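Here the structure comes first, spelled out in structure tokens, and everything after it is commentary.
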Amino acid sequence: MTATVGNVEPLRGRNGAMGQRVRLRVWRGSGDEGELRDYEVEAEEGEVVLDLLHRLQATHCPDLAVRWNCKAGKCGSCSAEVNGRPRLTCMTRMSLFDPEETVTVTPMRTFPVIKDLVCDVSYNYVKAREVPGFTPPAGVEPGQYRMWQRDVERSQEFRKCIECFLCQDTCHVIRDHEENKEAFSGPRFLMRVAELEMHPLDDYDGDRAEEARGEHGLGLCNITKCCTEVCPEHIRITDNALIPLKERLADRRYDPIPWLFRRRG
Amino acid sequence: MAETERHDYDVVVVGAGGAGLRAAIEARERGMRTAVLCKSLFGKAHTVMAEGGIAAAMGNVNAGDDWRVHFRDTMRGGKFLNNWRMAELHALEAPQRVWELETYGALFDRTPDGRVSQRNFGGHEYPRLAHVGDRTGLELIRTLQQRIVSLQQRDHAEHGDYEAGLRVFAEFTVTDLLREGDRMAGVVGYWRESGRFAVLRAPAVVLATGGIGKSFKVTSNSWEYTGDGHALALRAGARLINMEFVQFHPTGMVWPPSVKGILVTESVRGDGGVLRDAHGRRFMFDYVPEVFKESYADSPEEADRWYTDPDRNRRPPELLPRDEVARAINNEVKEGRGSPHGGVYLDVASRLSTEEILRRLPSMHHQFKELADVDITAQSMEVGPTCHYVMGGVEVDPDSAASAVPGLFAAGEVAGGMHGSNRLGGNSLSDLLVFGRRAGIGAAEYVVGLVRRPEVSAGEVDEAVHTALEPFDAAGVRGGENPYALHAELQQVMNRLVGIIRDGGEMCSALEQLTEIRQRAVRMTVPEGNRQFNPGWHLALDVRNMLLVSECVAAAALRRTESRGGHTREDHPRMDPNWRNRLLSCVLRGGELELSEQPQEPMRPDLMRLFSREELEKYFTAEELGVLGEPSRKR
């Protein structure tokens, strides 16, 4: 391991000649104990942060804990903070950074660290269980579902979610306030409520918008759009999911009649 | 081991991709206490990588489609080596499995009349793939994941416990299957987070662990694809068949180096994209093999008319089965007509409008933009073959997914037979659903029929734990081997010597090198860290499995002296009807691999009659065709 910062070869070109050395600063440790450590590692053209973490594993620190699966931005496993910004490390190219810069990789701040870059994200799975699932429409046989493309598109946008939990990580409601985790499900699961609320055939007999407020803390969201900014799938979480949910609630408070006769399908 | 955590279940499902989740749903709905074990977090399985769609003959876009047509396409794609009963069940049941996903909340793209839309794909006669843009695998995994959560919510309402009937063990790796006598008794594995071991006692185990692609250097597969289920099955006494058949997807990214192998969906071609050489020439017309000449266009004009008038024109050759396209690209590059980075060009920019590309292929647009600085609405993609799928796997009973080991079931990529020598695109997701469900039923019925539940032996557990911890014992020993370095060597050997084009001499050399790596692998060490989330240790255990499975691939590939589907021999370039009805199977005896030939069960005559005699003559021996009677019969 080269835990040094000095003596780095000069770097050539932003988009990278082969075999240049770059400086990484990575959080190492378990639980609350840990420190940032500096490494120098070879980088090749076109590489992403995750490539360099893998090279660190293979050459410097075989026990460096990193989650990853697809390395193509599709599974949402390799979330971390790169220079303090929540990102998928597999989609963060080294060419984004100044070649002289030390690139700092730390675990997602909102969740407890297990080891190195791996966090305990069980909060998300707990919240997922608290959103009642899709209720199939009574009397419609499988194969008889009819929906229009323009109607499914609204929920389809939210179903692009790869559950990287970067939106949860960045959301200041829980990022800076551990105590809110109990009452607040975070953008990912408020969006899940919106997705079901907008599903053309959901036959749920409760009131999803009201549950978003009561059970999932929609009121705590003050639409700063941080979640939308970090979403690697470019889902417009705030504009298309959270604000419409808030509007549905607001409408009902003025007039209880539509609340009773909600249109379905 | 006194301190080992213990659990009791009726059914344990190893693997949480499409097949595993579907099996777990079925087992739970049939009243089984069920556990699903995933190596990754819940919902991250390799299934999310599937892009194009789920093949199912619903006939929503072309009413001419039905299960018979799908069956025929599947058998043709697999060069008639498929287990025909599996191909039949698959074609028959796939539509119900897709519709069922809608009852779980899935939202597929729609036809103008509101039904599930279907797209064209290689080897499929009609538009057949249910899809959601180019992220169909994500929709499938999320839908099944959410269905599991719904079932847990039901249990919570009833018992006050979400995990009363169905529990997901996330980031849990199985190291060994446990037996009582010759039948299943459970599994032993470790929590990746803590490195602590746990035993799950269960009379029925469903393997749904996916494939083996991480044994190859250039692959579209994720780290999880280390052949665990294949190796577990072998060590438990089951039989693997068809291991020589490995699919190289024709279009993986080739540049920049860090993304080499990442998949470029076949939908690009299904939706109109074409392959061109360095001079811009559309070369696939040169590569239509004799057996497919009748169904594929011989000029760009006819091929282009097919998109709007499929009834009076033949299909573009870009939509040949994957093995054909991969070999063609390989040859273009070899003959010096490739792109600067050793691939060919895949052009959709000149074929579809920007809006169409963004609507139909959003993930591809995003992937190339972010990873390669290429805008696919304006520029061609550079693509080349990448290891994608293994057709071989655990030999199972087609109807119940039961292996030869009582209580052991397998479904999805880890099972063998369904796809023969080559899988058609889109047939994987449908395979997961059809046989995942059947494995769930098979396991549940097996458990219901048991008189006595098997016991786990403490000695067997201790031994399994001891073996898994060996890399720690070897730490500090002189001459210890680094698992990362050994893995890289293994990948080089497989890619170079047992890759897309094979040769007897090279494979002999591969087997020697694999033996040498296996000897060194005994000395693999964990150079740093403890048992807590230690990727070096995890990889050491994975390499053990990859070595065993790679040896199966190389040994079977050396034995099969013909070329068929995902197995191409430079020294035996022809397809031989005398090999069609012979399967190569691997078992482990006394720690050594044993390869043998076994006959393929003859196809039922009513299924044979779905094909013309002329077509069957290209694949079957005269003796086999005898069941059809007089030579004049047509379908």
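The values are calculated or read from the model by the stated rules, or taken from the named source; none is laboratory data. Note that this is a predicted model, so its numbers are computed, not measured. Here Cβ is always computed from backbone atoms with ideal geometry, including for glycine, and neighbour counts include all displayed protein chains. Only protein heavy atoms, including side chains, enter the accessible area calculation; ligands, DNA and RNA are left aside. Shrake-Rupley method; radii C 1.70, N 1.55, O 1.52, S 1.80 Å.
For chain B, what does the helix formula give at 222 nm: sum of -39500 (n - 2.57) over DSSP H segments with n ≥ 4, over the residue count, nearest 500 deg cm²/dmol?
Values: 19 runs with 230 residues, N = 635.
Helix-only estimate at 222 nm: -11500 deg cm²/dmol.
Under 11 Å from the Cβ of residue B:227, count the other residues' Cβ atoms, weight Lys and Arg +1, Asp and Glu -1, and hand me the total.
Details: positive: B:214, B:544; negative: B:224, B:228, B:413, B:542, B:551.
Local charge sum for residue B:227: -3.
Please go through the range B:490-571 and write out the GluC sites (Glu not before Pro) that DSSP classes as loop and that have at most 13 other C-beta atoms within 10 Å. Write out the running numbers ahead of the final one.
Details: sites: B:506, B:512, B:516, B:528, B:551, B:562, B:570; in loops: B:528, B:562, B:570.
When the GluC sites (Glu not before Pro) of the range B:490-571 are filtered for loop state and at most 13 Cβ neighbours within 10 Å, B:570 remain.
Excluding residues on the same chain fewer than 8 positions from residue B:618, give the lysines whose Cα lies under 26 Å from its Cα.
Reachable lysines: B:79, B:293, B:634.
How far is helix B:427-448 tilted off the main Cα axis of chain B, in degrees rounded to 10, range 0 to 90?
On a 0 to 90 degree scale, this one is about 30.
So what does residue A:145 come to for accessible area, using a 1.4 Å probe and Å² rounded to 10?
0 Å²
What's the ranking of B:331-337, B:39-45 by average number of surrounding C-beta atoms within 10 Å, highest first?
Values: B:331-337: 14.4, B:39-45: 26.1.
In decreasing order of mean packing, B:331-337, B:39-45 become B:39-45, B:331-337.
Could you tell me which of rounded, prolate or oblate describes the protein assembly as shown, using a ≥ b ≥ c as the square roots of the eigenvalues of the alpha-carbon gyration tensor, with rounded for a/c under 1.5 and, failing that, prolate when a/b is larger than b/c and oblate otherwise?
Numbers: a/c = 1.24, a/b = 1.13, b/c = 1.10.
Here the protein assembly as shown falls in the rounded category.
Tilt of helix B:362-372 relative to the longest C-alpha principal axis of chain B, in degrees (0 to 90, nearest 10)?
It is inclined by approximately 80 degrees.
In the range B:1-46, which residues become less accessible by 50 Å² or more once every protein chain is in place, relative to the chain on its own, using a 1.4 Å probe?
B:41, B:44
Counting other Cβ atoms within 10 Å, keep those with at most 16, restrict to DSSP loop, and tell me which GluC sites (Glu not before Pro) in the range B:435-492 are left. Mind dumping the intermediate values first?
Numbers: sites: B:445, B:455, B:460, B:463, B:481, B:489; in loops: B:455.
Answer by residue number: B:455.
Taking the alpha-carbon centroid of each part, what is the distance from the range B:555-569 to the range A:69-137 in angstrom?
Cα centres, the range B:555-569 to the range A:69-137: 42 Å.
Report the net charge of residues surrounding residue B:371, where surrounding means a beta-carbon distance below 13 angstrom and charges are Lys +1, Arg +1, Asp -1, Glu -1. Don't skip to the end; give the middle numbers.
Numbers: positive: A:71, A:74, A:93, B:260, B:369; negative: A:45, A:47, A:51, B:370, B:373, B:375, B:382.
Residues close to residue B:371 contribute a combined charge of -2.
Taking the Cα centre of the protein assembly as shown as the origin and placing charges on Cβ (Lys, Arg +1; Asp, Glu -1), which of B:492, B:285, A:234 is farthest toward the positive end of the dipole?
Working it through, the farthest residue towards the positive pole turns out to be B:285.
FRET efficiency for residue B:470 and residue B:286, Cβ-Cβ distance as r, R0 = 45 Å, nearest 0.05?
Values: r = 53 Å, r/R0 = 1.17.
It comes out at approximately 0.30.
Using only the alpha-carbon atoms of the range B:215-316 as identical scatterers, what base-10 log of I(q)/I(0) does the Debye formula give at q = 0.14, 0.15, 0.22, 0.25 Å⁻¹?
-0.79, -0.85, -1.19, -1.36
I want to make sure I understand the PRE zone here: with the label point 7 angstrom from the Cα of residue B:278 toward its beta carbon, which residues in the range B:371-389 have backbone N atoms less than 20 Å away?
Only B:380-385 pass the distance filter.
With a ≥ b ≥ c taken as the square roots of the eigenvalues of the C-alpha gyration tensor of chain B, please select rounded if a/c is under 1.5 and otherwise prolate if a/b is larger than b/c or oblate if it is not?
On the way: a/c = 1.45, a/b = 1.34, b/c = 1.08.
Rounded.
Looking at B:532, B:550, B:567, which one has the Cα that reaches farthest to the positive end of the dipole of the range B:476-578 (charges on Cβ: Lys, Arg +1; Asp, Glu -1)?
Toward the positive end, the furthest listed residue is B:532.
Between residue B:335 and residue B:305, take the C-beta separation as r, use R0 = 22 Å, and let me know the FRET efficiency to the nearest 0.05. If you can, show how the numbers build up before the last one.
Working: r = 29 Å, r/R0 = 1.34.
For R0 = 22 Å, the calculated efficiency reads 0.15.
Using a 10 Å cut-off on Cβ to Cβ distances, tally the other chain neighbours for every residue of B:105-113 and report the average as a whole number.
Details: counts 11, 4, 15, 5, 4, 9, 3, 2, 2.
That works out to 6 on average.
Taking a ≥ b ≥ c as the square roots of the eigenvalues of the Cα gyration tensor of the range B:552-616, is the shape rounded (a/c under 1.5), prolate (a/b larger than b/c) or oblate?
Verdict is oblate for the range B:552-616.
Report the label-to-label distance for residue A:223 and residue B:621 in nanometres (one decimal), using points 7 Å from each Cα along the Cα→Cβ vector.
That separation, rounded to one decimal, is 7.5 nm.
Under a point-charge model restricted to the Cβ atoms of Lys and Arg (+1) and Asp and Glu (-1), what is the dipole moment magnitude of the range A:20-119 relative to its Cα centre, in debye to the nearest 20?
Details: 14 positive and 16 negative charges, 88 e Å.
Roughly 420 debye, rounded to the nearest 20.
So for the pair residue A:35, residue A:180, with labels modelled 7 Å out along Cα→Cβ, what separation do we get in nm?
Going by the 7 Å Cα→Cβ label model, 3.4 nm.
Inside 10 Å of the C-beta atoms of B:148-157, what's the mean count of C-beta atoms belonging to other chains?
Per residue, the average neighbour count from other chains is 3.
Going by alpha carbons, how many degrees (0 to 90, nearest 10) lie between the helix axis of B:84-103 and the longest principal axis of chain B?
Value to nearest ten degrees: 80.
Work out how much length residue B:312 to residue B:477 would gain on full extension: take 0.36 nm times their residue separation and subtract the Cα-Cα distance, in nm to one decimal. Spell out each step's value before the answer.
Values: separation 165, 0.36 × 165 = 59.40 nm, distance 7.06 nm.
Once the chain is fully extended between residue B:312 and residue B:477, it gains 52.3 nm.
Could you work out the local net charge near residue B:441, counting Lys and Arg as +1, Asp and Glu as -1, over the other residues with Cβ closer than 10 Å to its Cβ? Mind showing how you got there, number by number?
Numbers: positive: B:30, B:437, B:438; negative: B:26, B:29, B:399, B:445.
Spelling it out: positives minus negatives among the neighbours equals -1.
Which order do the peptides B:208-215, B:422-429, A:164-171 come out in when sorted by mean C-beta neighbours inside 10 angstrom, highest first?
Numbers: B:208-215: 31.6, B:422-429: 28.2, A:164-171: 26.6.
The most tightly packed comes first, giving B:208-215, B:422-429, A:164-171.
Compare each residue of the range B:533-577 in its chain alone against the assembly with all protein chains, and report those whose accessible area goes down by 10 Å² or more; 1.4 Å probe, heavy atoms.
With the partner chains in place, the range B:533-577 has these residues losing at least 10 Å²: B:533, B:534, B:535.
Starting from the Cα-Cα distance between residue B:63 and residue B:598, subtract it from 0.36 nm times their residue separation and give me the gain in nm to one decimal. Mind dumping the intermediate values first?
Values: separation 535, 0.36 × 535 = 192.60 nm, distance 3.96 nm.
The residue B:63-residue B:598 span can extend by a further 188.6 nm.
What distance in nm lies between label points placed 7 Å from Cα along the C-beta direction at residue B:614 and residue B:492?
5.1 nm
Accessible area of the range A:20-119 with a 1.4 Å probe: how many percent of it is carbon plus sulfur? Let's see the in-between values first.
Working: 1280 of 3030 Å².
Accessible surface attributable to carbon and sulfur in the range A:20-119 totals 42 percent.
Quick one: Cα centre-to-centre distance for the range B:1-48 and the range B:312-351, in angstrom?
Going from one Cα centre to the other spans 40 Å.
Of A:58, A:200, A:91, which is farthest along the charge dipole of chain A in the positive direction, counting Lys and Arg as +1 and Asp and Glu as -1 at C-beta?
Comparing the listed Cα positions along the dipole, A:200 ranks first.
Please average, across the residues of B:222-231, the number of beta carbons from any other chain that are within 10 Å of each residue's own beta carbon, and give a whole number. Walk me through the numbers on the way to the answer.
On the way: counts 8, 7, 3, 1, 0, 0, 0, 0, 0, 0.
Across the residues of B:222-231, the mean count of other-chain Cβ atoms within 10 Å is 2.
Determine the gain in length on full extension of the stretch residue B:453-residue B:7; use 0.36 nm per residue of separation and subtract their C-alpha separation, reporting nm with one decimal. Mind dumping the intermediate values first?
Values: separation 446, 0.36 × 446 = 160.56 nm, distance 1.41 nm.
Full-extension gain reported as 159.2 nm.
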